[in-house]
Amino acid sequence: MTLEILLIIAIILLLGYIIFLNIRIAKKNLFIESTVRRLSGIEQSWSPGEMMRFLSEIKKVSHYSSFFTDKLFEEKPMGFLLEDEKNSKIYIHYTKEEADARNIIREGFRFADSFYKTALPVTHDRLDLLIKHNGRKSFGDYIVIICISEKIFRHYSGELEKNGLKGLAVENVLTVMLPSRNENGDIIYQLSNRFVKGFINHQTGEITVNQEYNPLYDSDIFTQNLNILKKRAAS
């Protein structure tokens with residue numbers, strides 16, 4: 001009788017182990033299928049070299065599986081991010097709090113000294129975007145999108161060059177408030193909110209649009225900023 005009970009227990013344990021193995025295999029198959037679908041959705045024409053770069057980046061990310069659940073690379077978020085790419089300069093900035101992202105929409109983008117410290121340029125090069133995203137997504141779930149028309153950018157870039165102000169960036173001109181210093185002595189600039197297109201929650205894919213967004217926005221304030229910069233350079 002005891003032998004029969006032990007045999008039944010052994011059979012039950014064996015069946016349980018077989019079910020466990022089947023579940024693990026099924027999960028792996030689903031993960032592989034999901035990975036292939038995601039890769040084909042990002043870029044169907046990657047060269048072997050580009051694929052090797054992608055695999056190299058995956059190795060650098062400790063929780064790489066989060067990439068496959070990230071919503072940034074889905075059709076709508078990517079369309080919103082890159083729809084003006086041909087005629088505009090596009091930048092992304094990460095922030096942890098939704099309230100901060102909404103504040104940037106209302107007031108504009110504040111930066112210390114250099115715009116490029118926290119704003120990354122992006123294009124239709126999705127592999128480049130993937131690398132930048134993996135490197136910065138730990139800074140927050142909210143991606144603020146800044147978009148400046150090529151026409152505006154070229155105009156003020158030409159003005160800087162014409163006046164011998166080559167060491168300054170266009171973004172330092174397109175500000176709505178006079179530069180000020182913070183408690184650390186950094187010079188603080190505030191880019192106009194008209195150049196803030198909105199933001200994306202890369203975890204959910206939710207898009208928030210800035211109703212005042214205008215990448216072609218121009219203002220007399222920008223000309224005043226140029227004049228101030230010229231006076232400073234001459235003094």
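Packing here is the average count of other Cβ atoms within 10 Å per residue, and on that basis the peptides 135-145, 209-219, highest first, run 135-145, 209-219. Name the aspartates and glutamates eligible as straight-distance cross-link partners of Lys230: C-alpha to C-alpha under 15 Å, and not fewer than 8 places from it in the same chain. Within the straight-line limit of under 15 Å, Lys230 reaches these aspartates and glutamates: Glu159, Glu161. For the stretch 76-232, the relative contact order is 30 percent, taking Cα pairs closer than 8 Å that sit 6 or more residues apart in sequence and dividing their mean separation by the residue count. Among the trypsin sites (Lys or Arg not before Pro) in the stretch 146-233, those located in a DSSP loop and surrounded by at most 11 other Cβ atoms within 10 Å of their own Cβ are Lys166. Note that the stretch 92-226 presents 48 Å² accessible area per residue, ligands and nucleic acids not counted, probe 1.4 Å. Straightening the chain between His124 and Glu97 buys 7.0 nm, computed as 0.36 nm per residue apart minus the Cα-Cα spacing. Taken over the stretch 176-216, the percentage of Cα pairs per 5 Å bin, counting from 0 up to the bin with the maximum distance, is 5, 20, 15, 15, 15, 15, 12, 2. With respect to the cross-link table entries Lys96/Lys162; Lys151/Lys231; Lys96/Lys231; Lys76/Lys162; Lys137/Lys231; Lys137/Lys162, which display a Cα-Cα separation exceeding 31 Å? With Cα atoms farther than 31 Å apart: Lys96/Lys162; Lys96/Lys231; Lys76/Lys162; Lys137/Lys231; Lys137/Lys162. Only Cα sites of the stretch 109-235 enter the Debye sum here, all with the same form factor; the resulting log10 I(q)/I(0) across q = 0.13, 0.15, 0.16 1/Å is -0.61, -0.80, -0.90, listed in q order. Each part gets one Cα centre, and for the stretch 69-134 versus the stretch 212-229 those centres are 21 Å apart.
The values are calculated or read from the model by the stated rules, or taken from the named source; none is laboratory data. This one's a predicted model, so the numbers in the text were calculated from it and none came from an experiment. Note that we place each Cβ from the backbone using ideal geometry, even for glycine, and neighbour counts take in every protein chain shown. Just the protein is used for accessible areas: all its heavy atoms, side chains included, with ligands, DNA and RNA removed. Shrake-Rupley method; radii C 1.70, N 1.55, O 1.52, S 1.80 Å.
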